[in-house]
1. Please list, or write none, the aspartates and glutamates whose alpha carbon is within less than 15 Å of the alpha carbon of K23, excluding same-chain residues fewer than 8 places away.
2. Return the calculated 222 nm mean residue ellipticity for the chain, to the nearest 500 deg cm²/dmol, obtained by summing -39500 (n - 2.57) across DSSP H runs with n ≥ 4 and dividing by the residue count.
3. Out of Y69, L39, G53, whose Cα points farthest toward the positive end of the dipole of the chain (charges: +1 Lys, Arg; -1 Asp, Glu; placed on Cβ)?
4. At S61 and S127, where each label point lies 7 Å from the Cα along Cα→Cβ, what is the point-to-point distance in nanometres?
5. Based on the alpha-carbon gyration tensor of the chain, what equivalent-ellipsoid semi-axes (square roots of 5 times the eigenvalues) come out, in whole Å, largest first?
6. Would you kindly state the longest site-free stretch of the chain, with sites defined as GluC sites (Glu not before Pro) in a DSSP loop (not H, G, I, E, B) surrounded by at most 11 other Cβ atoms within 10 Å?
7. What are the trypsin sites (Lys or Arg not before Pro) within the range 1-72 that DSSP puts in a loop, where the Cβ has at most 16 other Cβ atoms within 10 Å?
8. Hey, can you grab everything whose amide H is under 5 Å from the amide H of G16? Only 5+ residues off in sequence or another chain; H modelled, so Pro and N-termini drop out.
Amino acid sequence: MSRHIVATVGEIPENGSKLVEVKGRQIALFHVKGEYFALTDRCPHEGGSLCAGRLTGLVRSREPGTYEYSRPHEMLQCSWHGWEFDIRTGQSYCDPDSIRARTYQVTVAPGEALAKGPFVAEIFPVSVENDYILVEV
């Protein structure tokens with residue numbers, strides 16, 4: 001797998017998203033609690049944009065009338081039909097056994113680490129054929 005620079009830290013606001021294209025693929029980036037997540041931008045249900053979706057939390061109920069809210073901003077609702085996906089795993093909460101959004105590994109690296117070589121420059125032969133007289137003024 002190859003790595004691609006897609007954004008700078010600080011470019012995506014907390015709990016925000018950014019749509020990027022890598023090798024012809026639309027990928028939705030999300031920034032939550034200092035971490036970055038990437039999912040394919042196409043919802044596996046009917047193709048809606050996941051980048052345009054809403055980040056929310058996980059709501060669970062052990063019994064009627066009792067709700068527990070956890071993992072704020074880690075659940076993604078598709079912009080078309082509201083299908084929910086875990087941004088960490090791509091797991092669908094509407095059809096967990098058969099539908100999942102594709103996820104991509106995201107890392108943060110300092111610019112100086114990305115600029116380290118070895119870089120190979122194209123070289124050309126150089127020759128000096130005459131002597132020159134110089135005057136210092």
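1. Straight-line reach from K23, under 15 Å: D41.
2. -500 deg cm²/dmol
3. It is Y69, whose Cα lies furthest towards the positive end.
4. Once both label points are built, they end up 8.7 nm from each other.
5. 51, 17, 12
6. The reported range is 47-121.
7. Here the trypsin sites (Lys or Arg not before Pro) that fit, given the DSSP loop and packing criteria, are R3, K23, K33.
8. Distant-sequence amide H within range of G16: H31.
Readers should treat all values here as calculations from the given coordinates under stated rules, not as data from a laboratory. A quick note: this is a predicted structure, and the numbers were derived from the prediction, not measured. Backbone-built Cβ (ideal geometry, glycine too); neighbour counts: all protein chains shown.
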